[in-house]
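Every number here is computed from the coordinates shown, using simple stated rules; none is lab data. Remember, it's a predicted structure, so these values are computed and weren't measured experimentally. Heads up, the Cβs are rebuilt from the backbone with ideal geometry, glycines too, and the neighbour counts pull from every protein chain shown.
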Amino acid sequence: MALADAGRGARPSISWFNNPTYRSLAIQAVVLAVIAAFILWIVNNTVTNLANLHIASGFGFLKDRAGFNVATFLPFTADDSYGAALWAGLVDTLIVSALGIVIATVAGLLVGIGRLSQNWLIRQLSTIYVETFRNIPPLLVLFFWYFGVLAVLPNPRDAIAFPLEVSLSNRGLIMPMPLFGGGFGWTVAAFVAGIVIAFVVSRWARARQMRTGQQFPTFWVGLGVIVVLTAGAFLISGAPLSFDVPVKTRFNLNGGMSVSPEFLSLLFALGLYTASFIAEIVRAGILAVSHGQTEAARALGLRAGPTLRLVVLPQAIRVIVPPLTSEYLNLIKNSSLAVAIGYADLVSVGGSVLNQTGQSIEVVGIWMVVYLGISLVTSLGMNIYNARTALIER
Amino acid sequence: MSDIQSQTDLFFVRQELAPTLPPPRTASGPIGWLRKNLFATPSNSVLSILGILFVIWALPPLLRWAIFDAQWTGATRDVCVANGAGACWAFVRANFGQFIFGRYTDPERWRVLLFFVLMAAGLVPLAIPSVPHKGLNALYVILIFPIIGAILLVGGVFGLPEVETSLWGGLMLTIVVAYVGMVVSLPLGVILALGRRSKMPGVRIVCVSFIEIARGVPLITVLFMASVMLPLFLPPGVTFDKLLRALIGVALFASAYMAEVIRGGLQAVPKGQYEGAQAVGLSYWQMMRLVVLPQAIKIVIPGIVNTFIGLFKDTSLVYIIGLFELLGTVRNSFANPQWATPETPATGLFFTALVFWVFCFGMSQYSQYTERRLNTGHKR
């Protein structure tokens, strides 16, 4: 009787030791306490060590004179501050990453489609490309471009000449520098206006096609508007553009503008290495679109080109975008390899600052915050794009 | 009757089958193959011709450089400076010992070789699915071999002379860094993945922050942190070996990536498995150890191997904090005046690429093999 009462009545009494709620609270308390103690121990040690080394912590050093010179895209001299140096490094990181992403995406898309081509030779060449670059370290690709290719190019005097006064030598790519005269702003304004008009036309054309089914040569009209407007404004404002052409002297080429071999090596290494991964993502994305879609498109009378462009790729994009985002992030993080060849990116400049000031915690902190920030912004942008292309169900 | 007979004589009835005609020449044989695979459509033909032109442009110079014009033997750079000389393989030959062992003291190099043999003895049976005693094998790979290996390589006990870690280098250092990264990242990754999926917010937040921070920054910054900040974190007077600092950085970095791979596996195990395990009264750790993890890890073996490939390639970055693994050793030997020629860098890098490629390609083939093996019956 008592037993039955116990079963029906209040919850069976269990020892507090076995109560899941208390247990989880206790475990969390222990974990957090251990981590807090660990961090406290580290902070304590660090403070003692810094005091022994006579290093003042804090970000005051960012205002001090840098005293070292690096070639960056932003003008930077030794008289500028450490903060300016890090800023210039960040800009260099962003420039090389952005251009690298463009190269990697275009090359990856081509190679990825090439791996599925009906053409045997193209398929084999694409496979060789992917399997080669995927299986060697990016640093090796970088060294290959820097030491194996660009360093053994001829001197500027015997540079390999390309059309339009562009030449390639062991000093990098040297080309004429455009000099913009007054009034060039009109040309830029006309170019922007052309793009806006082309955009408006394309929206109108799409709406009309949805309504009436009539097609409109959007691409050619848009291109025509942009070219005519820009060229017209350029000519009317008196062609305010001249070029500073590099001149060959005894040992060197003077004038013009040059792109450093460090930048070129890093750009090609990042672009071609990442392209091999993007190619595999593109291939997987295309294969993920069911074959029935292709067959249905062909049955409707679409040719191979429009089938790929209008039916397969829009569906493949949905599969491609998430892994593509992480490849972009990898490329941005790999741009820190610049430190190995002396391209002045954030890590490379930060390393110099760190060596001069000894402010290792602050510099590493800046690195982490900046890279985490870049990662966050990139994922945010790609997530917005992904949400726009994702399949909308009900 | 005979009437009919005489009538039928006028007809011809074929007694045997007609001989099979060969298929049209344009649809079979080499010509058919060419038409189908290279010249199916006009645009395809254009692509093929461009491809053939590319091969003709690229392949003969490459072969000439790497094989026909290459210098295979020689004691100094003189053999490689001749005009039009190809790859300087003599350079790789002369420095081969250094590329494999770094500056590891010469009479002690047998220890490195024994280390390689013991490592292969653990890894090869583990990789072959039909070999029994996987549990004992894993124990050897994760616990016993690292201890034996450390004693063997560092020395200082059992009459083995000590070899300082600053002398380690070349392929041997690459493999040591990669192996330590793999062996530490797997258990740590499992713990982090479990923590990330835990119902306890305190544990979850700690694990998520660690994973996301480690994955959000480049390995180089982690290595810089390990090499310049770790000494600051320790009590004054305690110093750490440089190699050990790099190993800690690489292992923690790899663990974060491993955790995400294993989380994928944990999420792929059906919920019924968790509920079934709880219903038979298993505790959390029993459930994970006996029911969930064996299934989860089996699903993500390809992903784990891919992480290992990434880790193996990333070992080359320890060069930046001043440890000379294979790529760093080769890079440093460019400056050796005895061998400095225009072809030396390209040759050395070609050799390094070949070594990395063999390891990584082998691992990726293994990953594809497991994927096929685990994928039976799910293909369309």
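Partner chain Cβ atoms within 10 Å, averaged over the residues of B:305-318 - can you pull that number for me?
Mean shielding count: 3.
Could you tally up the Lys pairs in the protein assembly as shown with alpha carbons closer than 22 Å? Skip any pair fewer than 8 positions apart unless they're on separate chains.
6
Neighbouring Cβ atoms within 10 Å as the yardstick, rank A:T77, B:T165, B:T329 fewest first.
By the 10 Å Cβ count, ascending: A:T77, B:T165, B:T329.
Any idea what the dipole of the protein assembly as shown comes to, in debye rounded to 20, about its Cα centre with Lys/Arg Cβ at +1 and Asp/Glu Cβ at -1?
Dipole magnitude for the protein assembly as shown comes out near 2060 debye.
Averaged over its residues, how many other protein chain Cβ atoms are within 10 Å of peptide B:225-232's Cβ atoms?
Per residue, the average neighbour count from other chains is 5.
Helix by helix through chain B, keep the DSSP H runs that span 30 Å or more along the axis on Cα and average at least 0.0 on Kyte-Doolittle, and give those back in order.
Span-like helices in chain B: B:42-63, B:170-196, B:242-268, B:344-374.
Just grab the label-to-label distance for B:R25 and B:F54, each label 7 Å out from Cα along the Cβ direction, in nm (one decimal).
Label at B:R25, label at B:F54, 3.2 nm between them.
Please list, in chain and number order, the residues 5+ apart from A:S81 or on another chain whose amide H is under 5 Å from its amide H, with Hs placed from the backbone.
HN-HN under 5 Å from A:S81: A:A66.
In deg cm²/dmol and to the nearest 500, what is the mean residue ellipticity at 222 nm of chain A if only DSSP H runs of at least 4 residues count, each as -39500 (n - 2.57), divided by the residue total?
So the helix-based figure for chain A works out to -21500 deg cm²/dmol.
Which cross-chain or sequence-distant (5 or more) residues have an amide H under 5 Å from the amide H of A:F243, H modelled 1.01 Å from N in plane?
Distant-sequence amide H within range of A:F243: A:L179.
Quick check for me: using +1 on Lys/Arg Cβ and -1 on Asp/Glu Cβ, what's the dipole size of the range B:37-180 about its Cα centre, in debye to the nearest 20?
It comes to approximately 220 debye.
Tell me, which cysteines of chain B are without a disulfide-compatible partner by the Cβ under 4.7 Å rule?
If one checks each Cβ against the other cysteines of chain B, B:C207, B:C360 turn up with nothing under 4.7 Å.
Among A:G58, A:G108, A:G271, determine the one that fluctuates most according to a GNM of chain A built with springs between C-alpha atoms less than 10 Å apart.
A:G58
So what is the relative contact order for chain A, in percent, with contacts set as C-alpha pairs under 8 Å and at least six apart?
Values: 447 pairs, mean separation 82.4, N = 394.
About 21 percent, as a whole number.
To the nearest 20 debye, what charge dipole does the range A:43-133 have about its Cα centre, counting +1 at the Cβ of each Lys and Arg and -1 at the Cβ of each Asp and Glu?
280
If a/c stays under 1.5 just call it rounded; otherwise compare a/b with b/c (prolate if a/b is bigger, oblate if not). Do that for chain B, with a ≥ b ≥ c from the square roots of the Cα gyration tensor eigenvalues.
oblate
Can you sort A:E295, A:E280 by how many other beta carbons sit within 10 Å, fewest first?
Taking fewest neighbouring Cβ atoms as first place, the list is A:E295, A:E280.
On the Cα set of the range B:279-343, report Rg and Dmax in Å, please.
22.5, 72
Which of rounded, prolate, oblate describes chain A, given a ≥ b ≥ c as roots of the alpha-carbon gyration tensor eigenvalues and a/c under 1.5 marking rounded, otherwise prolate only if a/b is larger than b/c?
Oblate.
Count, for each residue of B:42-53, the Cβ atoms from other chains sitting within 10 Å of its Cβ, then give me the mean as a whole number.
Values: counts 0, 3, 6, 1, 1, 6, 4, 1, 2, 9, 1, 0.
Taking the mean over all residues of the peptide, I get 3.
How long are the semi-axes of the equivalent ellipsoid of the range B:29-91, taking √(5λ) for every eigenvalue λ of the Cα gyration tensor, in whole Å from largest down?
40, 11, 6
In the range B:203-287, what chymotrypsin sites (Phe, Trp or Tyr not before Pro) fall in a loop by DSSP, with at most 13 other Cβ atoms inside 10 Å?
Working: sites: B:F210, B:F224, B:F233, B:F240, B:F253, B:Y257, B:Y274, B:Y284, B:W285; in loops: B:F240.
The qualifying sites: there are none.
Among residues other than A:A279 whose Cβ falls under 13 Å from its Cβ, what is the net charge (Lys/Arg +1, Asp/Glu -1)?
Surrounding charge for A:A279 is +1.
Helix-derived [θ] at 222 nm for chain B: sum -39500 (n - 2.57) over DSSP H runs of at least 4, divide by residue count, nearest 500?
Rounded to the nearest 500, the figure is -19500 deg cm²/dmol.
Could you list B:M172, B:M119, A:M210 in order of exposure, starting from the residue whose Cβ has the fewest other Cβ atoms within 10 Å?
Placing the least packed residue first, the sequence is A:M210, B:M119, B:M172.
Of all chymotrypsin sites (Phe, Trp or Tyr not before Pro) in the range A:51-146, which ones are in loop regions per DSSP and have a Cβ with at most 16 other Cβ atoms within 10 Å?
A:F59, A:F68, A:F73
Would you work out which of A:V247, A:T212, A:L153 lies farthest towards the positive end of the dipole of the range A:131-263, given +1 charges on the beta-carbon of Lys and Arg and -1 on that of Asp and Glu, about the Cα centre?
Towards the positive end, the residue furthest out is A:T212.
Show me the helices of chain A, taken as full DSSP H stretches, that run 24 Å or more along their long axis by Cα and average 0.5 or above in Kyte-Doolittle hydropathy.
In chain A, the long hydrophobic H runs are A:20-53, A:82-114, A:184-212, A:218-236, A:261-288, A:360-389.
Based on Cα coordinates alone, diagonalise the gyration tensor for the protein assembly as shown, multiply each eigenvalue by 5, take square roots, and list the semi-axes in whole Å, largest first.
47, 43, 35
Below 8 Å, C-alpha to C-alpha, sequence gap of six or more: please give me the relative contact order for the range B:29-91 in percent.
23
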